Amino acid sequence: MSSNDRHARLNDAPPSLQRRHLLTAALSLGVAPWLLFACVPRAGAVVPVAGDSAPRQQSAGQRRKLGPFEVFPVGLGCQWHPGTARGSVVDMYHSAFDRPAAVRLIRRAVDRGITLIDTAEVYGPFLSEDIVGEALQGIRDKVVLETKFGMDLDPKTGQRLGGLNSRPEHIRQVVEAQLRRLKTDRIDILIQHRVDPQVPIEDVAGAVKDLIAEGKVLHFGLSEPGTQTIRRAHAVLPLAVIQNEYSMLWRGPEAQVLPICEELGIGFVCWSPLGMGFLTGSVTADTRFETSPEMDFRAVVPRFAPEALAANMALVNVVKTWAQRKNATPAQLALAWLLAQRPWIVPIPGTTQVAHMEENIGATAISFTPDELQQLNAAVSAVSIRGERLPPAVLRMSGVDTPPKH
Ligand SMILES: NC(=O)c1ccc[n+]([C@@H]2O[C@H](COP(=O)([O-])OP(=O)(O)OC[C@H]3O[C@@H](n4cnc5c(N)ncnc54)[C@H](OP(=O)(O)O)[C@@H]3O)[C@@H](O)[C@H]2O)c1
């Protein structure tokens, strides 16, 4: 197995966790056996949602403000790795395709009107940026491109060296390589993947500021930062976005991070907006996630462990009930709920399937009256989710503040 294969999954996890779970990885892939029916509107077109005759006060519309940008309300996450089968490209869960299909997916998404494309250095490592760069040839100016730095990788092999690295000289090196892989002259939003507790955030922001002065980066963002770090970074260099996990399954950002974003005018990008696929209705209480030959990341996530999973199905029931009521698919309902929470939130669902990408776009056509939204929020709140959202070693990297700058 190549170094890339070994590091293919769990890219947001520390190396110890990767090693433990990747020992079992070998050949062959589980390919998604299902395809939900697709509601396939074209982005930019207003698609009637049958049975929804209520006023559309909360409709997502076709554009929304995300920090300094205006984007289509649903973006696309490009988090892929080399699979163990020759030529295959896999996601973090159970899906596989190949590079030409990934390129086609991104081009189709842009053709459909999606404008926010998310990726990261560590996704692959390098492979996802490479694919995004290839896909955006000739259409680069149509999108807002965000990518991330901050994991400590060998710049040649991509091998995880352990921990994080946001030292200014490292950021500069990483961005040069990212620009080459992305085949572009600028990164629209450069995001620190995880706060590096060794490097004061002022130094990180200063390094990004220099890259902005050179025109290589346009804006700065943070993923899963501590709240003090948000304020300190923003004081040095205004943040365009915070990118955190947020969905009906994990509502942590509502307590502190969303209010800070509102106060400071920072856009919010939701990762895992479909709860790692859980909210799409494709998971049942009996689902057991693969630990071999290819790891499904959910196999090590406490909220998807058998007992927790059975309890958490109550949320899927809420999603399905409301999806039916709104004549939508569960995935569309879950995304529409996010869009209805704030007008400056943009989810970036990940997918390997064109039909799913098109289905997800359909979320923008779903609207809630204030009364419906209140009822739906109450139904979501009534379910208490069992199990942590990430394995402990990964969770420890979230909500971190850097030491003060002396
Ligand atoms: N900043 C960070 O630390 C961080 C961490 C994790 C992820 N991210 C970003 O967030 C993006 C999305 O997160 P994610 O992929 O972890 O989780 P997600 O978007 O919540 O869920 C992805 C899963 O949902 C399935 N799916 C997507 N659309 C569907 C539909 N309409 N119907 C049924 N299934 C559907 C996908 O399978 P199919 O392939 O079969 O569609 C995949 O298994 C990533 O691509 C990445 O860019 C960032």
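The values are calculated or read from the model by the stated rules, or taken from the named source; none is laboratory data. Everything quoted here is computed from the prediction, not taken from an experiment. A quick note on method: Cβ atoms are made from the backbone with ideal geometry, for glycine too, and the neighbour counts reach across all protein chains shown.
Applying a threshold of 8 Å to beta carbon distances and a minimum spacing of six or more residues, or different chains, the list of pairs starting in region 267-286 at a residue that is at positive phi and near the ligand (Cβ under 7 Å from one of its atoms) and ending at one that is of a type in the set (G, A, S) and in a helix (DSSP H, G or I) reads G275/A334.
Looking at region 319-331, is at least one residue within 15 Å of the ligand (Cβ to nearest atom), under 16 Å from F278 (Cα atoms) and of a type in the set (D, E, K, R)? Within region 319-331, one or more residues are within 15 Å of the ligand (Cβ to nearest atom), under 16 Å from F278 (Cα atoms) and of a type in the set (D, E, K, R). For E372, the requirement of being part of a helix (DSSP H, G or I), closer than 20 Å to F278 by Cα and charged (D, E, K, R) is not met. Would you confirm whether or not region 191-207 contains a residue that is under 22 Å from the mean Cα position of the chain (by Cα) and over 22 Å from N244 (Cα atoms)? No, region 191-207 contains no residue that is under 22 Å from the mean Cα position of the chain (by Cα) and over 22 Å from N244 (Cα atoms). Take G362 and tell me if it is part of a loop (DSSP other than H, G, I, E, B), touching a helix residue (DSSP H, G or I) at 6+ places or on another chain (Cβ under 6 Å) and of a type in the set (G, A, S). No, not satisfied. Residues in region 212-228 that are within 15 Å of the ligand (Cβ to nearest atom) and touching a residue at least 60 places away in the same chain (Cβ under 8 Å): G221, S223, E224, P225, G226.
Looking for whichever is of a type in the set (D, E, K, R) and modelled with pLDDT of 95 or more here; the options are E307, E294. Which one fits? I'd like the intermediate steps shown before the answer.
On the way: E294 fails: modelled with pLDDT of 95 or more.
Residue meeting the stated conditions: E307.
Counting only strands (runs of 3 or more DSSP E) that sit completely within region 81-155, those holding 3 or more residues that are surrounded by 21 or more Cβ atoms within 10 Å (Cβ to Cβ), within 15 Å of the ligand (Cβ to nearest atom) and of a type in the set (A, V, I, L, M, F, W, C) correspond to 144-149.
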